[in-house]
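Notes to accompany the following structure.
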Amino acid sequence: MNQAQAFDFDKDYSIEELLQAVIAIKELPNQLAKVITGLADEDAGKQYREGSWTVRQIIHHLADSHMNAFIRTKHLLAQDADSFQPYDQDIWNSLMDKDYNQEASFMILLGIHQRWSLILLECLKQPEKYLALSAYHPEHKKNISLAQLIALYGWHGSHHVMQIQEALKK
């Protein structure tokens, strides 16, 4: 999947594509570490385009977004969830912690991705039992399956790492 393009919710993702997405989820902290190791404070304030989030805000957003996705995954697996709790990513990324050092958000990503990717791998072992589980997503106004959630977040992390790389080139 081209990371510069928008995510395709209408595609049917194969088990092989979902496995690659789980690997991308597992590897996101490593990919991010390669890009931000030794990041100077002034570099954390760079933007990939005028008016975009800063590198620091993108890292905080990844932690916020992926915490929500991890919890959504757990709700699908453990409860009879009929809808996902929405959150406004722009408001979340405008709160007082937007300028905090990004290290804590990176550490959150390390822990979540370790647990989350193992859960998702287990789900891929029984696709007929897990991958069709779904809940209504108020932002997208449709049901989102676990398979779509996996594909989305495999894409999402890589998409934002590319934005950080672009910002750091400037």
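Here, each number is a calculation from the coordinates, and none is a lab measurement. It should be emphasised that the depicted structure is a prediction, and the values quoted were computed from it without experimental measurement. Cβ coordinates were reconstructed from backbone atoms using ideal geometry, including for glycine residues, and neighbour counts include every protein chain displayed.
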**Study point:** Calculated P(r) tail over 18 Å for region 1-80, as whole % of Cα pairs
**Key:** 60
Point to revise | Residues listed by number, region 99-117, amide nitrogen under 17 Å from THR37 label point at 7 Å toward C-beta | key: 103, 106-107, 110
Exercise for review: Just grab the label-to-label distance for ASP99 and LYS129, each label 7 Å out from Cα along the Cβ direction, in nm (one decimal).
Suggested key: 5.0
Exercise for review: Please give the FRET efficiency for LEU77 paired with GLU50, using the beta carbon to beta carbon distance and R0 = 45 Å, rounded to the nearest 0.05.
Suggested key: 0.65
Point to revise | the chain - percent relative contact order, Cα under 8 Å, separation 6 or more | key: 42
Check your understanding: What pairs from LYS74/LYS98; LYS34/LYS170; LYS26/LYS74; LYS74/LYS125; LYS34/LYS74; LYS74/LYS142 go past 21 Å between their alpha carbons?
Key -> LYS74/LYS98; LYS34/LYS74
Point to revise | Restricting region 39-73 to trypsin sites (Lys or Arg not before Pro) in coil, as DSSP defines it, with at most 14 other Cβ within 10 Å | key: ARG49
Exercise for review: About the Cα centre of region 34-170, how large is the charge dipole given +1 on each Lys and Arg Cβ and -1 on each Asp and Glu Cβ? Please answer in debye to the nearest 20.
Suggested key: 420
Study note, to complete from the structure: With no solvent term and unit scatterers on the alpha-carbon positions of the chain, Debye gives log₁₀ I(q)/I(0) at q = 0.10, 0.16, 0.18 Å⁻¹ of -0.37, -0.95, -1.18
Review point. Relative to the longest principal axis of the chain, what angle (0 to 90°, nearest 10) does the C-alpha long axis of helix 55-78 take?
Key: 10
Exercise for review: Report the convex hull volume per residue for region 77-170, counting only C-alpha atoms, in Å³.
Suggested key: 134
Review point. What is the P(r) of region 118-170, as percent of Cα-Cα pairs per 10 Å bin from 0?
Key: 22, 38, 26, 13, 2
**Study point:** Inter-site label distance for GLU139 and MET162 at 7 Å from Cα along Cβ, in nm
**Key:** 1.8
Check your understanding: Distance in nm between label sites at GLN89 and LYS169, each 7 Å beyond Cα in the beta-carbon direction?
Key -> 2.1
